[in-house]
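Trainee: Mind looking over this structure? Questions follow.
Computed from the coordinates by the stated procedures, all read-outs in this text should not be read as laboratory data. Quick caveat: nothing in here was measured; it's all calculated off a predicted structure. Note that each Cβ is placed from the backbone with ideal geometry, even for glycine, and that neighbours are counted across all protein chains shown.
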Amino acid sequence: MGNTFHIQWHITDRCNLRCRHCYQDNFTSKDELSFASLKRIFTNIVEFAEDRGQKIVIDITGGEPLLYKPWRDLLSLIYHHTAVKKTGIITNGFFLDNENLKFLEGFKNLQIKVSAEGVSKEMFELFRGKDNHKIFTMMCKRLKEALPENEKILMFTLTKENIKEVPHLFNFITEYNFNSFILERFISWGRGKQIYNSVISVSEWAETIRTLCNKCDVEEDLISLAQYRGFMVRQDKECGFSLFGAPCIIGVDGIAVMPDGTVFPCRRLPLSIGKLTENSLKDIWEHSDILKNLTSSPLKGKCKNCKIRNCRGCRALAYSITGDLLEEDPVCCL
């Protein structure tokens with residue numbers, strides 16, 4: 001157990017886009033809760049984290065979170081709470097107009113995370129729809145000049161189609177003053193089931209790691225880097241690019257919360273382990289057989305005898321492809 005507990009909080013399913021890789025297939029407001037209900041859920045989360053002696057890291061997302069009418073009230077509640085160490089908002093950026101950017105100036109430690117599956121017009125619109133690249137570029141130009149004290153992060157989901165864009169992400173975040181980009185593997189749920197064959201191969205994942213190491217001037221060590229579910233590349237004007245691995249915290253230090261209060265072990269592992277409108281997070285956490293399986297049951301295949309201590313591969317990817325929570329990580333490059 002670490003010092004922080006991580007929440008990915010999906011406050012709405014509504015979205016202005018219909019991205020081809022999206023893990024949603026519902027885009028209505030039918031599951032949305034009132035702000036009063038979200039406040040109760042937040043209290044539930046705070047009590048759980050404080051009982052564990054942890055601070056909270058929360059990313060507010062959707063759908064598109066800025067379509068949820070009281071998003072400003074929820075952000076203010078979370079950001080200013082003493083139990084929260086870090087707050088982020090994950091958005092497609094289309095509603096980061098001057099008015100919303102002005103509002104966000106009051107949240108100087110807020111992480112602004114903008115999702116995109118391509119930086120070229122061709123690739124961006126393949127995933128996010130025709131004529132949307134121009135809107136995205138205009139938003140990036142606004143964001144470049146706005147919120148100078150905030151950390152700005154580009155979120156990139158890796159598929160067979162956009163893997164060729166990875167080397168270009170470095171120039172992109174430099175040009176538009178993003179502090180970093182985060183890269184994670186595509187897992188096919190929701191609309192993404194239609195492009196099941198876009199999941200990258202073992203060799204493609206290994207090649208991506210090599211590219212990141214080369215660009216960041218890091219020793220290429222697949223044995224130590226294979227344990228990470230994703231990577232962050234951070235840029236520094238003096239030191240250049242730095243590479244950070246993101247370990248999986250499923251069943252240990254994090255959950256995903258859906259618009260109706262349903263709890264998933266991970267957003268890419270859509271198995272309900274309880275509902276925060278009905279149960280305490282403490283009760284859900286301590287009595288979930290799914291969580292016990294994820295953290296304690298023997299794994300199969302090559303994951304059974306992994307060289308890396310405490311690595312359990314990507315359970316979400318294994319389940320998505322094989323239907324078995326305990327099967328080997330099919331994209332592990334070891």
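Trainee: Residues that are surrounded by fewer than 15 Cβ atoms within 10 Å (Cβ to Cβ) and acidic (Asp, Glu): list the helices (runs of 4 or more DSSP H) wholly contained in segment 261-334 that include at least 1 such residues.
Mentor: 281-287, 289-296
Trainee: Within segment 217-230, count every residue that is within 17 Å of Cys314 (Cβ to Cβ) and part of a loop (DSSP other than H, G, I, E, B).
Mentor: Qualifying residue count for the region: 2.
Trainee: Another one. Tell me which residues, restricted to segment 140-150, are among the acidic types (Asp, Glu) and either in contact (Cβ under 8 Å) with a residue 40 or more places away in the chain or in contact with a Gly (Cβ under 6 Å, 6 or more places away or on another chain) (or both).
Mentor: Of everything in segment 140-150, just one residue is among the acidic types (Asp, Glu) and either in contact (Cβ under 8 Å) with a residue 40 or more places away in the chain or in contact with a Gly (Cβ under 6 Å, 6 or more places away or on another chain) (or both), namely Glu149.
Trainee: Search segment 259-283 for residues that are farther than 22 Å from Gly192 by Cα and pair each with any residue that is among the small types (Gly, Ala, Ser) when their beta-carbon atoms are under 6 Å apart and the residues are at least 6 apart or on different chains.
Mentor: Ile273/Ser288; Lys275/Gly261; Leu276/Gly261; Thr277/Gly261
Trainee: Then there's this: Has segment 153-165 got any residue that is in contact with a helix residue (DSSP H, G or I) (Cβ under 8 Å, 6 or more places away or on another chain), surrounded by fewer than 19 Cβ atoms within 10 Å (Cβ to Cβ) and farther than 17 Å from His21 by Cα?
Mentor: no
Trainee: Given the criteria more than 30 Å from Gly118 (Cα to Cα), touching a strand residue (DSSP E or B) at 6+ places or on another chain (Cβ under 7 Å) and crowded, with 20+ Cβ neighbours inside 10 Å, does Ile58 qualify?
Mentor: For Ile58, the condition - more than 30 Å from Gly118 (Cα to Cα), touching a strand residue (DSSP E or B) at 6+ places or on another chain (Cβ under 7 Å) and crowded, with 20+ Cβ neighbours inside 10 Å - is not met.
Trainee: Then there is this: Go over the candidates Ile255, Ile200 one by one and state the one that is under 15 Å from the mean Cα position of the chain (by Cα), hydrophobic (A, V, I, L, M, F, W, C) and either over 21 Å from Cys332 (Cα atoms) or not in a helix (DSSP H, G or I) (or both).
Mentor: Ile255
Trainee: What are the pairs, 6+ residues apart or on separate chains, where a residue within segment 151-180 that is touching a residue at least 40 places away in the same chain (Cβ under 8 Å) has its Cβ under 6 Å from a residue that is among the acidic types (Asp, Glu) and surrounded by 21 or more Cβ atoms within 10 Å (Cβ to Cβ)?
Mentor: Thr157/Glu117; Asn162/Glu117
Trainee: For the list (1) farther than 30 Å from Asp283 by Cα; (2) touching a His at 6+ places or on another chain (Cβ under 7 Å); (3) not hydrophobic (A, V, I, L, M, F, W, C), I need the number of the one condition that Thr61 fails.
Mentor: If we test Thr61 against (1) farther than 30 Å from Asp283 by Cα; (2) touching a His at 6+ places or on another chain (Cβ under 7 Å); (3) not hydrophobic (A, V, I, L, M, F, W, C), just (1) comes out false.
Trainee: Can you tell me how many residues within segment 40-65 are farther than 22 Å from Arg14 by Cβ, free of Cβ contacts under 8 Å to residues at least 60 places away in the same chain and not β-branched (Val, Ile, Thr)?
Mentor: Selection size over segment 40-65: 5.
Trainee: Oh, and also: Criterion first (under 15 Å from Thr208 (Cα atoms), touching a residue at least 60 places away in the same chain (Cβ under 8 Å), hydrophobic (A, V, I, L, M, F, W, C) and not in a helix (DSSP H, G or I)) does Val233 satisfy it?
Mentor: Taking the combined requirement at face value, the residue satisfies it.
Trainee: Right, next: If you check Thr208 against the conditions, is it touching a residue at least 40 places away in the same chain (Cβ under 8 Å), polar (S, T, N, Q) and buried (at least 17 other Cβ atoms within 10 Å of the Cβ)?
Mentor: yes
Trainee: Hey, another quick one. Among the residues in segment 61-73, are any farther than 27 Å from Phe94 by Cα, among the aliphatic types (A, V, I, L, M) and touching a helix residue (DSSP H, G or I) at 6+ places or on another chain (Cβ under 9 Å)?
Mentor: no
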